[in-house]
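Here is the structure we will look at, set down as structure tokens.
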2 protein chains.
Amino acid sequence: MTDKIESFVMHCGEMGSRWGFNRTVGQMYGLLVISKEPLSAVQISEALNISRGNVSMGIKELQSWRLVQVQHKPKDRKEYYSPAGSIWEMAIRVFEERRKREVDPTLSLLRDNLLNEPANEEEQYAQVKMHEIHELLETITHWASELQSMSPDKLNTLMKLGAGVSKVIDIKDKLLKSN
Amino acid sequence: MTDKIESFVMHCGEMGSRWGFNRTVGQMYGLLVISKEPLSAVQISEALNISRGNVSMGIKELQSWRLVQVQHKPKDRKEYYSPAGSIWEMAIRVFEERRKREVDPTLSLLRDNLLNEPANEEEQYAQVKMHEIHELLETITHWASELQSMSPDKLNTLMKLGAGVSKVIDIKDKLLKSN
DNA sequence: TTAAACTTTCAGAAAATACTGAAACCTCAG
DNA sequence: CTGAGGTTTCAGTATTTTCTGAAAGTTTAA
């Protein structure tokens, strides 16, 4: 591994925990992303100086994020791993999985809590707040899933448009009104 | 604390680490959000059964996320804490801070790495990948900051529009062409 | 100035998390 | 079958993170 590649891989490790997994898993993913060829478990464990068992657990974790792909070479029983999908898909998946882990459980707790009538003033206030949070999270997750259903191409146009969308929406409103 | 409130606070604790801080900090923030009145450090430590020192550290952490506000009561030297801003602002801030912690360092590493010429084929491939990632992250962060500059109201319209934006953009394109 | 009432800090203890490596497990060619 | 070549599991260990509580620091009323 050259210095430049190593610095990238180590950085992925340091960021790993912030992105939702741990250091080693981050390194593993970084390594797979910048390696042209798929890597075997042993190659990964040697490149990163970690145990074979750890690689196995890491791969499992990455699979739960739908971020790696298993491949086989002819005449070779080993499994070879490579990143699943394009950089773009990778981003979408991380987003999606994080939503599942970070937002969905909260939404369901809030839904449950909002079913009961508040028993006193304290709970009354709490419910108002929970309701606000619930509404916000619903709006955001709904929007996110709509965005995800758009083609990468459309999404790109939209993002490049930036705050300009606002103007486009204004135009739409005017058109609707004048009809 | 009633059961319902406690379940919310404990949930915030469990989610805490997924949202970027730790259990106690999560609980503290949950508690502050659903409490009508600002709370003193001692009240927090009693409500959550944690040490006074831990509260101090937690508040510091929440302040670094710009999520709490300090208040004072007349004739009282204690500090009282309450959530800073509306639920909406809270979401914006968490987003913003996470971007700073999770994306910005990566962008700067990638920028640095992309300045050097690749020394061999391996690095050549690595750079292509890093370039892709860099471009994607740039587009997304740029877009995110544009969105943040929009008024909550406009943003709400936009989000409610959902995948419908795509149609609106198509209409705009047609209008431009016909001119 | 002083001291009471508070907040912050931080070394060490406790708890949580991640890693290793050996054993168990799978799979398939012979 | 069987054993070679591979993967997974998991108990125990190492590392990292978090929490405590006592000491140090700060502020202000008198």
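The values are calculated or read from the model by the stated rules, or taken from the named source; none is laboratory data. Computed from a prediction, not measured in an experiment: that's the story for all the values here. Please note: Cβ atoms are built from the backbone with ideal geometry, for glycine as well, and neighbour counts cover all protein chains shown. Accessible surface is based on the protein model in full, side chains and every heavy atom, while ligands, DNA and RNA are left aside. Shrake-Rupley method; radii C 1.70, N 1.55, O 1.52, S 1.80 Å.
Just to be sure I understand the model, the point goes 7 Å from the Cα along the line to the Cβ. What's the resulting A:ASN116 to A:LEU175 distance in nm?
5.0
Add -39500 (n - 2.57) for each DSSP H run of 4 or more in chain B, then divide by its residues: what number comes out at 222 nm, to the nearest 500 deg cm²/dmol?
On the way: 9 runs with 132 residues, N = 179.
Using -39500 (n - 2.57) per qualifying helix, the result is -24000 deg cm²/dmol.
Kindly give Rg over Rh for segment A:3-83, based on alpha-carbon atoms, with the Kirkwood expression for the hydrodynamic radius. Show your work: numbers first, answer last.
On the way: Rg = 11.9 Å, Rh = 12.5 Å.
Using only Cα positions, Rg/Rh for segment A:3-83 is 0.95.
Give me the one-decimal Kirkwood hydrodynamic radius in Å for chain A, with the sum taken over alpha-carbon pairs.
One decimal place: 19.9 Å for the Kirkwood radius.
Where the centre of each part is set by its Cα atoms, how far does segment A:59-97 sit from segment A:135-179, in angstrom?
Comparing the Cα centres of segment A:59-97 and segment A:135-179, I get a distance of 31 Å.
Amide H neighbours of A:TYR81 under 5 Å, counting only residues 5+ apart in sequence or on other chains, H built in-plane at 1.01 Å?
Answer set, sorted by chain and number: A:LEU39, A:SER40, A:GLN71.
Over the protein assembly as shown, consider all pairs of different Cα atoms and compute the Kirkwood hydrodynamic radius from their mean reciprocal separation; express it in Å, one decimal.
One over the average 1/r among Cα pairs gives 23.2 Å for the protein assembly as shown.
Specify the residue with the greatest mean-square fluctuation among A:GLY58, A:GLY162, A:GLY85, computed from a Gaussian network of chain A linking alpha-carbon atoms under 10 Å apart.
Judging by the Gaussian network model, the answer is A:GLY162.
Give the interface area between chains A and B as buried accessible surface, both sides summed, probe 1.4 Å, in Å² to the nearest 100.
Working: alone 12680 and 12670 Å², together 19360 Å².
In total, chains A and B hide about 6000 Å² from solvent.
Any chance you could check segment B:25-48 for residues losing 40 Å² or more of accessible area when the partner protein chains are in, compared with the chain on its own (1.4 Å probe)?
Residues meeting the cut-off: B:ILE34, B:LYS36.
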